[in-house]
Amino acid sequence: MLYHMYEMKHAAMAPVRVATEALEDVCRNPYNPFAYTAAARFIAAGCEVVERVTRRYGKPEWMIDWIEVGDRLIGVREEAVLCHRFCDLVHFRRDDLDVLAEPLPKVLLVAPMSGHYATLIRGTVRQMLHDHDVYVTDWINAQDVPMTAGTFGLDDYIDYVMEFLRMLGPDVHVMAICQPSVPVLAAVSLMSADDHDCKPRSMTLMGGPIDTRVGTTKVNELAEGKSIGWFERTVIQRVPAPHAGFLRRVYPGFIQLTGFMTMNLDRHMNAHLELFNHLIEGDGDSAEAHRDFYDEYNAVMDLPAEFYLETLRAVFMHHDLPMLRMAWRGRKVDPRAIDRTALLTIEGEKDDITGAGQTEAAHALCTGLPPERKRHYVQESVGHYGIFNGRRWREEVYPIVREFIRNNA
């Protein structure tokens, strides 16, 4: 019912959006003398804010057509090399890949499946392309996956990671950003236990909830404060028609976005007030920065209900991995089996989603690795998003990642 109400709200607001867009066009038309008055700027600014907070945001484009390396511009092509119903494996292929004197280290970037599209890590991908051959997991909105595709749970997620690692070969490095840290650590543990030839050379875990018993945050408190039945009754919905995933049980992206917004409601309200002021003042650069951020932030996707509930239970409620009782298709997952895949963990000093020490906990689990093949790094003055995007990522975190991968190539 909640999903239907959400769709009805969008339909009901459609006339308002059309009207505000038309009024905004009139107030900004250069042939309209009124457009050069303070009143017109005020009205146009209000119309844009109303339109932006009521629109439906679709999946953003990657927009990685080239990178700048030194004084050269290098073209980049986006290629889907493996397609599954719930995920595409996308290769960002540099145009100079075949003419380089030495091959670039191959890296599998496992993007979070936590409500936002994989394009959220666009800045991570762009920077990694400077020195690496990059592949990314591009997760599919469950709203668009027909019921005939079956279910998708935590075991399936681990299957995908292992399949992608096997496909990319024995010289691959894997990097998990936030939520996938647990399934990636599980996949590497299983491949190490089998002594698989394609187990990765190195594994980088960034802001991941390996052990949520330490550094507790509001996210952890919410998960632990309710039963799995409460979550299933309250937030799991069925996709309404006419979407391709009609009747599929999902955790809707709009609920996830509402949760993110309410954690810092004052900050988001002030950001939209600042957008209004920037538009009135004619500060185009600041207004464009706001648009870029919220175009990505507001673009959310639905998660398969099975994956969401199983992750809640295993990671945030029962702590199966740090308690060494996690299982994949009935088989025990034991990080102590990892003996050659080097481990780098990265945390943000001000991370209010994945608390301090939660990612570092992976080191205590990987007892089969010698100390020289482990490293932990805390980036000062950044939150969750800042460890993989933005200036601190480019200038301070990325050099650590690049050096670690090179040393273990």
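The values are calculated or read from the model by the stated rules, or taken from the named source; none is laboratory data. Only a predicted model underlies this, so the values are computations on that prediction, with no experimental measurement involved. All Cβ positions, glycine included, derive from the backbone under ideal geometry; neighbour counts span all protein chains shown.
Restricting the search to the range 237-267, which residues are surrounded by 11 or more Cβ atoms within 10 Å (Cβ to Cβ), assigned to a loop (DSSP other than H, G, I, E, B) and out of contact with any Pro (no Cβ under 9 Å at 6 or more places or on another chain)?
Within the range 237-267, Pro240, His243, Pro252, Asn264 meet the criteria.
Got a sec? Which of Val16, Val110, Val50 is surrounded by 14 or more Cβ atoms within 10 Å (Cβ to Cβ), more than 30 Å from Met128 (Cβ to Cβ), of a type outside the set (Ser, Thr, Tyr) and in contact with a helix residue (DSSP H, G or I) (Cβ under 8 Å, 6 or more places away or on another chain)?
Val50
Among the listed residues Asp211, Asp266, which satisfies the condition of being touching a residue at least 24 places away in the same chain (Cβ under 8 Å) and of a type in the set (Asp, Glu)?
Residue meeting the stated conditions: Asp211.
Could you tell me whether Arg233 is closer than 19 Å to Ile405 by Cα and not in a loop (DSSP other than H, G, I, E, B)?
In short, no.
Filter the range 208-240 down to the residues that are at pLDDT 90 or above, small (Gly, Ala, Ser) and under 21 Å from Ala305 (Cβ atoms) and list them by number.
Within the range 208-240, Ser227, Gly229 meet the criteria.
Per-residue answers, yes or no, for (1) buried (at least 21 other Cβ atoms within 10 Å of the Cβ); (2) in a loop (DSSP other than H, G, I, E, B); (3) not assigned by TED's automatic domain parsing to the domain that holds Gly153:
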{"residue": "Asp320", "(1), (2), (3)": "no, yes, no"}
{"residue": "Met323", "(1), (2), (3)": "no, yes, no"}
{"residue": "Thr345", "(1), (2), (3)": "yes, no, no"}
{"residue": "Asp351", "(1), (2), (3)": "yes, yes, no"}
{"residue": "Thr354", "(1), (2), (3)": "yes, yes, no"}
{"residue": "Glu372", "(1), (2), (3)": "no, no, no"}
{"residue": "Val378", "(1), (2), (3)": "no, no, no"}
{"residue": "Arg392", "(1), (2), (3)": "no, no, no"}
{"residue": "Tyr398", "(1), (2), (3)": "no, no, no"}
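Taking the range 86-115, which residues are closer than 24 Å to Thr148 by Cα and modelled with pLDDT under 95?
Result: Met113, Ser114, Gly115.
Is it the case that some residue within the range 214-234 is within 30 Å of Gly169 (Cα to Cα) and in the same structural domain as Ala364 (by TED's automatic domain parsing)?
no
Going residue by residue through the range 88-103, is there one that turns out to be in a loop (DSSP other than H, G, I, E, B), of a type in the set (A, V, I, L, M) and either crowded, with 19+ Cβ neighbours inside 10 Å or in contact with a helix residue (DSSP H, G or I) (Cβ under 9 Å, 6 or more places away or on another chain) (or both)?
No, because not a single residue in the range 88-103 is in a loop (DSSP other than H, G, I, E, B), of a type in the set (A, V, I, L, M) and either crowded, with 19+ Cβ neighbours inside 10 Å or in contact with a helix residue (DSSP H, G or I) (Cβ under 9 Å, 6 or more places away or on another chain) (or both).
Would the range 194-202 turn up any residue that is exposed (fewer than 15 other Cβ atoms within 10 Å of the Cβ), touching a Leu at 6+ places or on another chain (Cβ under 7 Å) and either at pLDDT 95 or above or among the hydrophobic types (A, V, I, L, M, F, W, C) (or both)?
Checked against the condition, which is being exposed (fewer than 15 other Cβ atoms within 10 Å of the Cβ), touching a Leu at 6+ places or on another chain (Cβ under 7 Å) and either at pLDDT 95 or above or among the hydrophobic types (A, V, I, L, M, F, W, C) (or both), the range 194-202 yields no hits at all.
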